[in-house]
1. Please count how many residues of the stretch 153-192 are without any contact (Cβ under 8 Å) to a residue 60 or more places away in the chain and outside any helix (DSSP H, G or I).
2. With respect to E79, is the statement that it is in the same structural domain as I333 (by TED's automatic domain parsing) and surrounded by 10 or more Cβ atoms within 10 Å (Cβ to Cβ) true?
3. Open to solvent by 30 Å² or more (accessible area, probe 1.4 Å), farther than 17 Å from G248 by Cβ and part of a loop (DSSP other than H, G, I, E, B) - does that describe any residue in the stretch 284-292?
4. Checking L235 against (1) open to solvent by less than 10 Å² (accessible area, probe 1.4 Å); (2) farther than 19 Å from Q268 by Cα, only one condition comes out false. Which one?
5. If you scan the stretch 202-227, which residues turn out to be away from the ligand (no atom under 13 Å from the Cβ) and part of a strand (DSSP E or B)?
6. Just name the residue that is farthest from I239 (Cα to Cα) out of those in the stretch 310-324 that are assigned to a helix (DSSP H, G or I) and away from the ligand (no atom under 15 Å from the Cβ).
7. Quick test of your reading of the structure: A212 fulfils all but one of (1) over 35 Å from the mean Cα position of the chain (by Cα); (2) modelled with pLDDT under 95. Name the failing condition by number.
8. Could you tell me whether the stretch 293-309 includes any residue that is near the ligand (Cβ under 10 Å from one of its atoms), open to solvent by 60 Å² or more (accessible area, probe 1.4 Å) and in the same structural domain as L152 (by TED's automatic domain parsing)?
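The values are calculated or read from the model by the stated rules, or taken from the named source; none is laboratory data. Computed from a prediction, not measured in an experiment: that's the story for all the values here. Cβ atoms come from the backbone with ideal geometry, glycine included; neighbour counts cover every protein chain shown. Calculation scope for accessible area: heavy atoms of the full protein, side chains included, ligands and nucleic acids excluded. Shrake-Rupley method; radii C 1.70, N 1.55, O 1.52, S 1.80 Å.
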Amino acid sequence: MATMQQDGLIQKAQQLQHQAVQELQALSSVKECEEFRVKYLGRKGQLAHLLDGLKTLPPAERAEAGRILNALKETLTAELEKRLTQFALAEKEARLRAEALDVTLPGRRHKLGSLHLITQVTKELEDIFVRLGFEVVTGPEVETDYYNFEALNMPKDHPARDDWDSFYIEGFDDLLLRTHTSPVQIRVMQHRRPPVKVVVPGKCFRRDATDATHSPVFHQIEMLWVDRGITLAHLKGTILAFIEEFFGKNFEARFVGDYFPFTEPSLQVHVRRKGSDRWLEILGAGMVDPAVLQEVDYDPEEYTGFAFGLGVERMAMLKYGVDDIRMFYQNDIRFIETF
Ligand code: DAH
């Protein structure tokens, strides 16, 4: 027969069950499930509270009441686990959906750049000379008066200096932006004994008029070959070989007499597309002047050599049909992209 206390406990258990089942049905998230667990099933939760009450029952009744409470606990725990699994799954799916990458979207393209045409042509020319047995060396863009002029047989008041007017550096009378790559001839020969067989690519600077074929900054490749028995025939052969290699058979070259203080005899080379009536001067050349060889303690009786300095922009203009040198420096992307 049930006692009063037991009735009270069972009634409370029924109320608890009623309330808990309703709340269980209203749960809508993992977080709410956790709150539910604390409220009903936690160590200080409502069920624990009822279980505590068992102590107040007469021993004979505890077993029955305990069985009822434990059954309730199991029911609630099982129901809660079911809900929890549902929500955990749904929440995981929602998170995955939110984080999903749409791999069908086209990617962002990066534009691929390319080397500037002047750089390309310089490299192409270097390659040709390397195949002809030359070594590539470089020298400084800021030069001294000695290397740019004096050592090249142009003393202070030499009239030829007018052809290479430069930019000077304030406060440093002796320094200037080199007007040609020829000073590197001297720098190389000072440190080596013949045979010397080098090419020198680099930037040059001149206080020139700016027009379709002149720019105050431009690029040259210098060539120097000094050894025993070098003659004008080597000069002509080398120049014609590289011109044909660079331009191909549709171009022709001619040699024209010229004057440079550092060569004797001196000449210039013109190139044109076959059939065109416009020649373009692409380089100055000559047999290295004995005075230049003496300057670096080479005996001109023993050694001879030839040299030239070619304009890289002019080579590019001829080969690629660019008719204004300024195009190379305006950085118009439509022009640059063409090559
Ligand atoms: N340095 C000369 C110039 O810039 C070009 C030149 C002529 C270079 C004759 C040479 C040479 O090496 O032998 O106009």
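1. So in the stretch 153-192, the residues without any contact (Cβ under 8 Å) to a residue 60 or more places away in the chain come out as 155-157, 159, 161-179, 183-184, 187-188, 191-192.
Then keep just the ones that are outside any helix (DSSP H, G or I); that gives 155-157, 165-179, 192.
So the count comes out to 19.
2. Values: in the same structural domain as I333 (by TED's automatic domain parsing): no; surrounded by 10 or more Cβ atoms within 10 Å (Cβ to Cβ): yes.
Judged against the criteria, E79 is not a match.
3. So far as the stretch 284-292 goes, no, none of its residues is open to solvent by 30 Å² or more (accessible area, probe 1.4 Å), farther than 17 Å from G248 by Cβ and part of a loop (DSSP other than H, G, I, E, B).
4. (2)
5. Correct list: D211, V217, D227.
6. Y320
7. Failing condition for A212: (1).
8. Start the filter on the stretch 293-309 by keeping residues that are near the ligand (Cβ under 10 Å from one of its atoms), which leaves 305-309.
Cutting the leftovers down to open to solvent by 60 Å² or more (accessible area, probe 1.4 Å) gives us none.
Scanning the stretch 293-309 turns up no residue that is near the ligand (Cβ under 10 Å from one of its atoms), open to solvent by 60 Å² or more (accessible area, probe 1.4 Å) and in the same structural domain as L152 (by TED's automatic domain parsing).
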